[in-house]
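Visitor: Below: one structure in structure tokens.
The values are calculated or read from the model by the stated rules, or taken from the named source; none is laboratory data. Only a predicted model underlies this, so the values are computations on that prediction, with no experimental measurement involved. A quick note on method: Cβ atoms are made from the backbone with ideal geometry, for glycine too, and the neighbour counts reach across all protein chains shown. Note: accessible area is taken over every heavy atom of the protein model, side chains too, but ligands, DNA and RNA are not part of it. Shrake-Rupley method; radii C 1.70, N 1.55, O 1.52, S 1.80 Å.
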Amino acid sequence: MTPNGWRTSRYGELMAEGGERAEAAVHLPVLSVTKSRGPMLASERFGKPLHGKNLAKYRVARRHTVVADPMLLWDGSIGIQRVVDAGLVSPDYRVYEATNLAAPDFLAYLVRSPQMLVHYQGGARGTNVRRNRIARSDFLRIPVALPPLGEQRKIAAILSSVD
């Protein structure tokens, strides 16, 4: 049952996939996505560069975008990019911007919630666990009980104060 004033929505209504590529912005720092921290500097995670020299096809992940690793989404590798104003992520990652229906701070908690992890795991398909991926169309169809924007901001502020 959806609380009064809330509505049933889908990820595809809350987030729009960004298609910005690095091209000339290859000077930006490279980011990685982990299950424990979400987006972080790849240099901090690995201690050395693991990416190739040609970053032109990497995706640009601006501050407050959702970054997901579709190959490890089933393990919780998703989160809001809060590390730098703009960074680069693997061309295999997906970058989503919040639509006018979703507050980015609310999305930060929503996409990493245990309830959403169940959807990521249920939608993942592959030849073995390490190769499981969730299709873009399945990801965007994930259902969400969505409060009004004002309430989203209040929920995010409360959760942030607890963190």
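Visitor: Students sometimes get this wrong: rank THR65, THR2 by accessible area, probe 1.4 Å, all chains present, largest first.
Guide: THR2, THR65
Visitor: Could you run the Karplus curve 6.51 cos²θ - 1.76 cosθ + 1.60 with θ = phi - 60° over region 135-146 and give me ³J(HN,Hα) per residue in whole Hz, x for Gly and Pro?
Guide: After applying 6.51 cos²θ - 1.76 cosθ + 1.60, I find 5, 3, 5, 5, 4, 6, 8, 4, x, 9, 8, 10 Hz.
Visitor: Below 12 Å, Cα to Cα, which aspartates and glutamates can LYS35 reach? Residues fewer than 8 away in the same chain don't count.
Guide: Output for LYS35: ASP69, ASP75.
Visitor: Moving on. Return the calculated 222 nm mean residue ellipticity for the chain, to the nearest 500 deg cm²/dmol, obtained by summing -39500 (n - 2.57) across DSSP H runs with n ≥ 4 and dividing by the residue count.
Guide: Here the helix-only value at 222 nm equals -7000 deg cm²/dmol.
Visitor: When the convex hull of the Cα atoms of region 39-111 is projected onto a plane and the area is averaged over all directions, what value comes out in nm²?
Guide: Mean projected area for region 39-111: 5.2 nm², to one decimal.
Visitor: Among the trypsin sites (Lys or Arg not before Pro) in region 83-163, which ones are in a DSSP loop with at most 15 other Cβ atoms within 10 Å of the Cβ? Mind listing them?
Guide: ARG141
Visitor: Using Cα positions and a limit of under 16 Å, work out the aspartates and glutamates in reach of LYS154, with same-chain residues fewer than 8 apart set aside.
Guide: Hits, sequence-local ones excluded: ASP105, ASP163.
Visitor: To continue, here is another question. Please report, in whole Å, how far the alpha carbons of region 68-163 spread along each principal axis, starting with the longest.
Guide: Result for region 68-163: principal-axis Cα extents of 42, 30, 25 Å.
Visitor: Pop a pseudo-label 7 angstrom from the Cα along the beta-carbon direction at both LYS53 and ARG153 and give the gap in nm to one decimal.
Guide: 4.9
Visitor: Send over the semi-axes of the chain's equivalent ellipsoid, whole angstrom and largest first, taken as the square roots of 5 times the C-alpha gyration tensor eigenvalues.
Guide: 27, 18, 14
Visitor: Sticking with this one: What accessible surface, in Å², does a 1.4 Å probe find on SER160, ignoring ligands, DNA and RNA and rounding to the nearest 10?
Guide: Result for SER160: roughly 70 Å² accessible.
Visitor: What is the sum of charges, Lys and Arg at +1 and Asp and Glu at -1, for the other residues whose Cβ falls under 10 Å from the Cβ of ALA103?
Guide: 0
Visitor: Taking 8 Å as the Cα distance limit and 6 or more residues as the minimum spacing, I'd like the relative contact order of region 24-163 as a percentage.
Guide: 23
Visitor: Quick check: the angle from helix 149-162's long axis to the longest principal axis of the chain, C-alpha only, nearest 10 degrees?
Guide: On a 0 to 90 degree scale, this one is about 70.
Visitor: When the Debye formula is applied to the Cα atoms of region 71-116, each taken as the same point scatterer, what base-10 log of I(q)/I(0) results at q = 0.15, 0.28, 0.33 Å⁻¹?
Guide: Summing over Cα pairs of region 71-116 leads to -0.44, -1.27, -1.31.
Visitor: Right, another one. Any chance you could look up the accessible area of GLU13 with a 1.4 Å probe, heavy atoms only, rounded to 10 Å²?
Guide: 80
Visitor: Angle check, please: helix 114-123 long axis (alpha carbons) against the longest principal axis of the chain (alpha carbons), in degrees 0 to 90, nearest 10.
Guide: 60
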